[in-house]
1. Let me spell it out: the conditions are (1) within 25 Å of the chain's Cα centre (by Cα); (2) crowded, with 21+ Cβ neighbours inside 10 Å, and residue 483 meets all of them except one. Which number is the exception?
2. For residue 535, are the conditions met, namely being outside any helix (DSSP H, G or I), touching a helix residue (DSSP H, G or I) at 6+ places or on another chain (Cβ under 9 Å), of a type outside the set (D, E, K, R) and open to solvent by 20 Å² or more (accessible area, probe 1.4 Å)?
3. From the list 174, 194, pick out the single residue that is assigned to a loop (DSSP other than H, G, I, E, B), charged (D, E, K, R) and farther than 20 Å from residue 323 by Cβ.
4. Inside the range 380-414, can you point out the residues that are over 22 Å from residue 579 (Cα atoms), touching a residue at least 60 places away in the same chain (Cβ under 8 Å) and either of a type in the set (A, V, I, L, M) or exposed (fewer than 15 other Cβ atoms within 10 Å of the Cβ) (or both)?
5. Mind telling me which of the residues 164, 129 ends up being open to solvent by less than 50 Å² (accessible area, probe 1.4 Å) and farther than 22 Å from residue 324 by Cβ?
6. Please list, ordered by first then second residue, the pairs with beta carbon atoms under 9 Å, 6 or more apart or interchain, first in the range 450-468 and farther than 17 Å from residue 542 by Cα and without any contact (Cβ under 8 Å) to a residue 40 or more places away in the chain, second open to solvent by 50 Å² or more (accessible area, probe 1.4 Å) and hydrophobic (A, V, I, L, M, F, W, C).
7. Restricting to the range 544-565, and then to whatever is surrounded by 24 or more Cβ atoms within 10 Å (Cβ to Cβ) and hydroxyl-bearing (Ser, Thr, Tyr), can you tell me which residue is nearest to the chain's Cα centre (by Cα)?
8. Identify all residues within the range 561-601 that are β-branched (Val, Ile, Thr) and more than 29 Å from residue 468 (Cβ to Cβ); write none if there are none.
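The values are calculated or read from the model by the stated rules, or taken from the named source; none is laboratory data. Here the structure is a predicted model, which means the values were calculated and not measured. All Cβ positions, even for glycine, are placed from backbone atoms using ideal geometry, and neighbour counts span all protein chains on display. Note: areas computed on protein heavy atoms with side chains; ligands, DNA, RNA excluded. Shrake-Rupley method; radii C 1.70, N 1.55, O 1.52, S 1.80 Å.
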Amino acid sequence: MALLHNLGFPRIGSQRELKFALERFWRGEASPAELQSTAADLRKAHWQLQSQLDLVPVGDFSLYDQILDMSFTLGNLPDRVTRLEGSELDNYFRVARGRSVNESSLTCVHAGEMTKWFDTNYHYIVPEVTEETAFNLNPERLLSQFSEAQQQGLNAKPVIIGPVTYLWLCKEKDQSQRLQLLDKLLPAYQLLLDKLVDAGAEWVQIDEPALVMDLERDWQQAYEKAYALLSKSRAQLLLSTYFGELRDNLQLAVNLPVAGLHFDAVRGLDEVDLLCTTLPEEKVLSLGVIDGRNIWKTDLNAVLNWLEPIAQQLQDRLWIAPSCSLLHVPVDLDQETDFDPEVINWLAFAKQKLAELSLLGTAINKGRAAVAEALENNNQAIQSRKSSQRVHKPEVKAAVDCITAALGKRQSSYKKRAELQSALLNLPAYPTTTIGSFPQTAEIRKARLQHKKGRLSEERYIELMEAEIKRAVDEQEKLGLDVLVHGEAERNDMVEYFGQQLDGYVFSQFGWVQSYGSRCVKPPILFGDISRPEPMTVRWTSYAKSLTDKPMKGMLTGPVTILNWSFVRDDQPRRESSLQLALAIRDEVLDLEAAGVDVIQIDEAALREGLPLRQGDWTTYLDWAVECFRITANGVKDATQIHTHMCYSEFNDIIDSIAQMDADVITIETSRSDMELLDVFEEYEYPNEIGPGVYDIHSPNIPPVEQMVKLMQRAAERIPAERLWVNPDCGLKTRNWDEVIPALKNMVTAAERLRGAS
């Protein structure tokens, strides 16, 4: 009998209950007990949805981030936090976001660095270590949740991040080597496993996704050392990998002394046969057969065709599960009462993926005849999608076929363009700008919602949006910013907004996924060939431009970011979809230029995020990603200044590709990393202009002038001052005006001080 289990479940709630509870708590409108009560209610509801499984994950729930949770479980907290008074919950949010609730600037701290979780759009808080780091186990969070699950009668399986992956994710804050901390770390893991067994745990899921990465021999040896020790635990360990193939780590993984191995069979199907033949006979093999990263229905009959022989071979040693945690998909498709009736039949959210898993389990354990009707319904949905004329449009494919290299080339070199742009824009040294968005007030969101529901006329909606755009322009004028933006009042999301105006997309009402903390996004669903029926941003940008004599920057999202932040069709190569998007956004760029917009920003915040996990696979991706950006950007005149923006990505190792994009100005995140991301420029002579972010917009803290000046002085040590811009590290939509105004005022003051010193 194949056993069914899950690796993790979305924690935000089907109605984003966790988001709203967190934000109430941070505003001081809810007590810690009320926040924890909401969290307990969510855990109970999510476990109930998974109660049909043989093993239910426990410990996958987090108030903010699972890696931050592991740091607290291990007692690995930055010194700047441990010195402060307050509860553990206060310190937790200080690391996450720089402050807890209703705290003065005296108790605000530098928030933990945040970066992407492997190749997903989820952000984790990077653990910090030094050679003095000590680990002191604090298991109460996990033990408490395990007890909750037991009280609900569940067969609970604790979930923890494995020790080697934890160290892999750490960042050294001195000259130490994080791998040297393994000997200090392992006793904490041993003690944690003992406590879980004492609490009644039989199986423990220990996640080691670093096994799908390129590992040097010392990291491979770390796995051997760690699990030789942890195997002495009384717990049965299910070592879980996901997001890719094992490749050169396959033999290492199958030979580690654990009771079972979970493998992502969606992304690594070609390795399944080898795993089945090489895994020692006493071990369980868990296969992730349902895609935990995308929202398309599983072709259940196709899965059964290859899974049934394996089930016959492995018998009780076979477990089946989603490929990874379902954290990366929305909660429940059943809530979607106003959805495209054809496309909805092609989709599965987290709850529906669990139902698919149950169907597969029944078919494996009792035969296909036991679920024949459900399998036929699934087959009809799969065939409907394959044959839909809404998916496949010959005219779009013909346009892609006509792409030539000339579409991706600017007329002149950067040096000549820079001279023309300087003469046209007449900007001071250290020019200031923002990344695009301004605060999304409750009034803005209400107006958009009323307009969407038909309760607000088009005329009144335009009037309200233009009033908010004028407010944003006026505030920027008062602050003295040099290149202005219209503030994006009309945009719900930097990807969804464009998707709503492109053919080939559909949208959910409640398809939220967690990006970080309380930040949730609702990725659009790219289901078919893409085209742009009409201009998308020209009306709003032209209106903003009419309000000022200063340069107005047109704001667009680039094709690779739209692709990477969407749920993307899986029936054609991603490059093909990206090229379709590039042609659509190129048309928008040219329309903005024709409307007199001299500065156009094409955000590629997610370009690095799409990198394959294995470095040997990077070139193919980077070649087409850069190609798509250049097709989008390079139809303009030399005097039109093209900006791009990238946030929360370590891109030092792809700097050549960034340079090949040939944007006139690139803005990047550097505030949380203290400009460490600019280290690459000590050796690499980046040819164009760059704006290293000096204001961490993901924290409510207001950065002082001196801090921003210091950051820019560090930047000037690596990049000529005449090619530096001053800007925040990302858009400001998630902040409040009472935070934004003083922060930007300090930023402008910092730029003025830098000009005076140069």
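1. If we test residue 483 against (1) within 25 Å of the chain's Cα centre (by Cα); (2) crowded, with 21+ Cβ neighbours inside 10 Å, just (1) comes out false.
2. Details: outside any helix (DSSP H, G or I): yes; touching a helix residue (DSSP H, G or I) at 6+ places or on another chain (Cβ under 9 Å): yes; of a type outside the set (D, E, K, R): yes; open to solvent by 20 Å² or more (accessible area, probe 1.4 Å): yes.
Taking the combined requirement at face value, the residue satisfies it.
3. On the way: 194 fails: assigned to a loop (DSSP other than H, G, I, E, B).
174 is the lone residue from the list that is assigned to a loop (DSSP other than H, G, I, E, B), charged (D, E, K, R) and farther than 20 Å from residue 323 by Cβ.
4. Of everything in the range 380-414, those that are over 22 Å from residue 579 (Cα atoms), touching a residue at least 60 places away in the same chain (Cβ under 8 Å) and either of a type in the set (A, V, I, L, M) or exposed (fewer than 15 other Cβ atoms within 10 Å of the Cβ) (or both) turn out to be 381, 382, 412.
5. Numbers: 164 fails: farther than 22 Å from residue 324 by Cβ.
After ruling out the rest, the residue left standing is 129.
6. 451/464; 455/449; 456/449; 456/464
7. Top of the filtered list is 561.
8. Just the residues of the range 561-601 that are β-branched (Val, Ile, Thr), to begin with: 561-562, 568, 585, 589, 597, 599-600.
Matches in the range 561-601: 568 only.
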